[in-house]
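Heads up, the thing below is written out as structure tokens.
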Protein chains: 2
Amino acid sequence: MAEKHQLTLKDIARELGLAVSTVSRALKSHPDISDETIKLVKDYAKEHHYVPNLLAVNFRKSKTFNIGLVIPELVHQFFSTIISGVLQEANDKGYNVLICQSNEKLSDEKKVAQALLNSRVDGVIISLSNETEDYSHLKEFLDAEIPVVQVDKIIEGFDTPKVVVNDYSGAYQAVDYLIGQGYQKVAHLRGRLIVQHSNERHRGYAEAMEQHKLPIKEDYIRICDLQTEKEGYTYAREMMNLPEPPDAIFCVTDLVALGVMEYLREKNIKVPEEVGVIGFSNWQLGEIIRPTLSTVHQPGFELGVKATELLLDKINNGSSSPNIKVVLDADLIIRDSVRKL
Amino acid sequence: MAEKHQLTLKDIARELGLAVSTVSRALKSHPDISDETIKLVKDYAKEHHYVPNLLAVNFRKSKTFNIGLVIPELVHQFFSTIISGVLQEANDKGYNVLICQSNEKLSDEKKVAQALLNSRVDGVIISLSNETEDYSHLKEFLDAEIPVVQVDKIIEGFDTPKVVVNDYSGAYQAVDYLIGQGYQKVAHLRGRLIVQHSNERHRGYAEAMEQHKLPIKEDYIRICDLQTEKEGYTYAREMMNLPEPPDAIFCVTDLVALGVMEYLREKNIKVPEEVGVIGFSNWQLGEIIRPTLSTVHQPGFELGVKATELLLDKINNGSSSPNIKVVLDADLIIRDSVRKL
DNA sequence: CTGAAAGCGCTAACAG
DNA sequence: CTGTTAGCGCTTTCAG
């Protein structure tokens, strides 16, 4: 598909009786060029709808103005919110974004990483898959001097800028709030032990309890391997059947909280009067169910924006830009699943 | 950031005492080149990790292997599912995808269209914003001989390949099923009159009713301008307070259906025994609420795949590929909000 | 079967 | 202030 002949610098130069380089410089308002010539060229260019051939420019500058974004899943509220932030910041700064999914699989992550490498992106933002435990496949980017920024799901030991959410403080706030509202026997449905997010949330829970001198009972903690509604339901049942059931449940995820609420409704245990519930993630569903779900909001959009800022800084300022780690705060969102004093 | 010097054809040619053109051809196993030379070159290339400079290749071929995708919103289950399909098919065929959001605004749509045009993408897939009523801003693509494919939200008069969901048949199936389960007084909370999706769904509703010789009462139809939960709630109340309330409600969207179910629960009207409810879209929430929501599933992923297939065909076969319109069927998903006979 | 050479459109060093 | 020139890495005639 040959395009209709696109106007080139050469064409303009010929028509205007100038040199190609003069035209090139004039279009960028180079100080060397007289205002007169600049105007002449720009007017001509505008009139004839001159569009620089980006392919040529990029080739010349060996820059694509494309950045790669690797995320575990696209159809996912949190991740798509991150993407949204990345897009906004990148487009704003004249960069395009190539999005790839790893489908939470290491093998796919490796595949797309290779593809991005071949596409010669100017930089990469990545949120690691659940299966990823080392970063050998990502070192290639650094070897090729393509900057990488890690976001949300990261490997500490991989020396790049990082942007994460403060799970610890989000969890602390949630539990602290529960206790402040008079709940005393707070349980925690946590995530897997090897997942950093889960550990941080658990730490927030534990420290809030300690701070208030409340005991942390073994029985009040369950591990949700899959973080599904079903697990929430099951563990809620287990705990509510304890001799001394909890009066509040802090869940590692909204979906788990949903399962909890469902069990409680079935058993006619009133939320928030008898049992308070707080989730984590701030999914849309939290506003939709009744009672509405209190939760911890993770600033996905800001995460995406910040990661992009760090990446573009790396791209443009190279090694002079340090590998900082940015920790964004999570906000407690108070809805009806916790009683108000 | 100068990259560590990348191996080029020239380097290989020099090392091997060959001409650049020979190396180039050898790497593509050109029939002119002797097997011997081919092996020599390929081995050398592999050993030294030769990676062709895509920037140069693209420039030469004036092809970017990038396609643009313009969608109204990214943080949206249906659209992100479409994107997912596009990504899969495009990546599979060696294309990257540049994703842009129009935020349902014509002004943004124009802006990103211009950006894509400048990026010299090889083709564009677009799902129009709600505000878009003409396609003057998109004609530029065709003028520049950049193929366009429309998906889901389309303008009929804009002559490009199109991929859409059969809203009509989805709606028809839903209402037909309701009637088959013994509901007789079926109401419809529809979308706006100027939106094609809404009209098609309404048509499906109307024809199913007619087919079964059931009357379509004015009172049983309401227009949801925003398609929110609140509207569902409000109109459900209005209708259930009619002298002769409906015994089933078919909603233009799951969210509206949710509002309906909420009202019914509040009033202790049993779903599905007293009133049956069907939504449209198959959002995740439908599986989560109780009773689970019957709905019509729109094949977003397939939509994305098909649109990409059509686009790549256009890109590679140009005008010999006709501007067909593909209509994908929507599937009725039966859950607990409709009684089973 | 292989090599030499031109050129894609643009930028930038150098020379007036 | 402007023009000349070289060259980015690759593909592709055209000649051997």
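Based on what the data block shows, is B:LYS105 more than 10 Å from chain A (Cβ to nearest Cβ) and more than 22 Å from the chain's Cα centre (by Cα)?
Spelling it out, it is not the case that B:LYS105 is more than 10 Å from chain A (Cβ to nearest Cβ) and more than 22 Å from the chain's Cα centre (by Cα).
Any idea which of B:ASN130, B:ASN103 is in a loop (DSSP other than H, G, I, E, B), at pLDDT 90 or above and open to solvent by 20 Å² or more (accessible area, probe 1.4 Å)? Before the answer, list the steps.
Working: B:ASN130 fails: at pLDDT 90 or above.
None of the other options fit; the residue is B:ASN103.
Check whether at least one residue in region B:84-97 is at the interface with chain A (Cβ under 9 Å from one of its Cβ atoms), crowded, with 20+ Cβ neighbours inside 10 Å and not in a helix (DSSP H, G or I), and report yes or no.
Scanning region B:84-97, I find at least one residue that is at the interface with chain A (Cβ under 9 Å from one of its Cβ atoms), crowded, with 20+ Cβ neighbours inside 10 Å and not in a helix (DSSP H, G or I), so the answer is yes.
Is there any pair linking a residue in region B:10-35 that is more than 16 Å from B:ASN53 (Cβ to Cβ) to one that is more than 6 Å from DNA strand C (Cβ to nearest atom) and open to solvent by 70 Å² or more (accessible area, probe 1.4 Å), with Cβ under 8 Å and at least six apart or on different chains, and which?
Sorted first by the residue in region B:10-35, then by its partner, the pairs are B:LEU16/B:LEU40; B:ALA26/B:LEU40; B:ALA26/B:LYS42; B:ASP32/B:ARG25; B:ILE33/B:ARG25.
For B:VAL256, are the conditions met, namely being open to solvent by less than 50 Å² (accessible area, probe 1.4 Å), out of contact with any Cys (no Cβ under 6 Å at 6 or more places or on another chain) and of a type in the set (A, V, I, L, M)?
no
Just to verify a result, which residue in region B:9-18, among those that are within 11 Å of DNA strand D (Cβ to nearest atom) and either within 14 Å of another protein chain (Cβ to nearest Cβ) or aliphatic (A, V, I, L, M) (or both), is nearest to A:VAL121 (Cα to Cα)? Show your work before the answer.
We begin by selecting, within region B:9-18, every residue within 11 Å of DNA strand D (Cβ to nearest atom); these are B:9-13.
Of the ones still in play, those that are also either within 14 Å of another protein chain (Cβ to nearest Cβ) or aliphatic (A, V, I, L, M) (or both) are B:9, B:12-13.
Values: B:LEU9: 21, B:ILE12: 24, B:ALA13: 27 Å.
In this case the residue turns out to be B:LEU9.
Evaluate region B:58-75: report whether one residue or more is more than 28 Å from A:ASP108 (Cβ to Cβ), of a type outside the set (Val, Ile, Thr), surrounded by 19 or more Cβ atoms within 10 Å (Cβ to Cβ) and within 12 Å of DNA strand C (Cβ to nearest atom).
Yes, region B:58-75 contains at least one residue that is more than 28 Å from A:ASP108 (Cβ to Cβ), of a type outside the set (Val, Ile, Thr), surrounded by 19 or more Cβ atoms within 10 Å (Cβ to Cβ) and within 12 Å of DNA strand C (Cβ to nearest atom).
Yes/no per residue for (1) touching a Lys or Arg at 6+ places or on another chain (Cβ under 7 Å); (2) more than 10 Å from DNA strand D (Cβ to nearest atom):
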position	(1), (2)
A:VAL20	yes, no
A:SER29	no, yes
A:ILE33	yes, no
A:GLU36	no, no
A:TYR44	no, yes
A:HIS48	no, yes
A:PHE65	no, yes
A:GLY68	no, yes
A:VAL75	no, yes
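Which numbered condition in (1) surrounded by 18 or more Cβ atoms within 10 Å (Cβ to Cβ); (2) touching a residue at least 12 places away in the same chain (Cβ under 8 Å); (3) away from DNA strand D (no atom under 16 Å from the Cβ) is the only one that A:GLN6 fails?
Status for A:GLN6: all satisfied but (1).
For region A:140-161, how many residues meet the condition of being over 12 Å from A:LYS314 (Cα atoms), open to solvent by 10 Å² or more (accessible area, probe 1.4 Å) and out of contact with any Ser or Thr (no Cβ under 6 Å at 6 or more places or on another chain)?
Qualifying residue count for the region: 8.
Select from region B:275-316 the residues that are among the aliphatic types (A, V, I, L, M) and under 23 Å from B:ALA187 (Cα atoms) and write down the one among them that is surrounded by the most Cβ atoms within 10 Å (Cβ to Cβ).
Here the residue is B:ILE278.
Listed residues B:ILE38, B:ILE33; which is surrounded by 15 or more Cβ atoms within 10 Å (Cβ to Cβ), more than 14 Å from chain A (Cβ to nearest Cβ) and at pLDDT below 90?
One residue alone meets the criteria, B:ILE33.
Could you check how many residues of region A:221-274 are in a loop (DSSP other than H, G, I, E, B), touching a residue at least 60 places away in the same chain (Cβ under 8 Å) and away from chain B (no Cβ under 14 Å)?
Adding up the residues that qualify gives 7.
Hey, does region A:207-227 have a residue that's within 28 Å of A:GLU104 (Cα to Cα), surrounded by 21 or more Cβ atoms within 10 Å (Cβ to Cβ) and out of contact with any Asp or Glu (no Cβ under 8 Å at 6 or more places or on another chain)?
For region A:207-227, residues within 28 Å of A:GLU104 (Cα to Cα), surrounded by 21 or more Cβ atoms within 10 Å (Cβ to Cβ) and out of contact with any Asp or Glu (no Cβ under 8 Å at 6 or more places or on another chain): present.
Starting from region B:119-135, keep only residues that are within 13 Å of chain A (Cβ to nearest Cβ) and closer than 16 Å to B:SER62 by Cα, then list their pairs with residues that are of a type in the set (Phe, Trp, Tyr) and part of a loop (DSSP other than H, G, I, E, B) whose Cβ atoms are within a distance under 7 Å, requiring at least 6 positions of separation or different chains.
Final answer for the pair search is B:ASP122/B:PHE65.
Give the residues of region A:14-54 that are within 9 Å of DNA strand C (Cβ to nearest atom) and over 41 Å from the mean Cα position of the chain (by Cα), sorted by residue number.
If the condition is that a residue be within 9 Å of DNA strand C (Cβ to nearest atom) and over 41 Å from the mean Cα position of the chain (by Cα), then A:ALA19, A:VAL20, A:SER21, A:THR22, A:VAL23, A:ASP32 are the ones that fit.
Consider region B:314-335. How many of its residues are polar (S, T, N, Q) and within 25 Å of B:SER169 (Cα to Cα)? Explain how you work it out, then say what you get.
Just the residues of region B:314-335 that are polar (S, T, N, Q), to begin with: B:316-317, B:319-321, B:323.
If we keep only those that are within 25 Å of B:SER169 (Cα to Cα) too, we end up with B:323.
Residues flagged as polar (S, T, N, Q) and within 25 Å of B:SER169 (Cα to Cα) within region B:314-335 amount to 1.
State whether the residues of region A:262-274 include one that is modelled with pLDDT under 95, open to solvent by 30 Å² or more (accessible area, probe 1.4 Å), within 26 Å of A:PHE301 (Cα to Cα) and not small (Gly, Ala, Ser).
For region A:262-274, residues modelled with pLDDT under 95, open to solvent by 30 Å² or more (accessible area, probe 1.4 Å), within 26 Å of A:PHE301 (Cα to Cα) and not small (Gly, Ala, Ser): absent.
The values are calculated or read from the model by the stated rules, or taken from the named source; none is laboratory data. Nothing here was measured: the structure is a model prediction, and the numbers come from that model. Quick reminder, even Gly has a Cβ in these numbers, built from the backbone with ideal geometry, and neighbours come from all protein chains shown. Note: accessible area is taken over every heavy atom of the protein model, side chains too, but ligands, DNA and RNA are not part of it. Shrake-Rupley method; radii C 1.70, N 1.55, O 1.52, S 1.80 Å.
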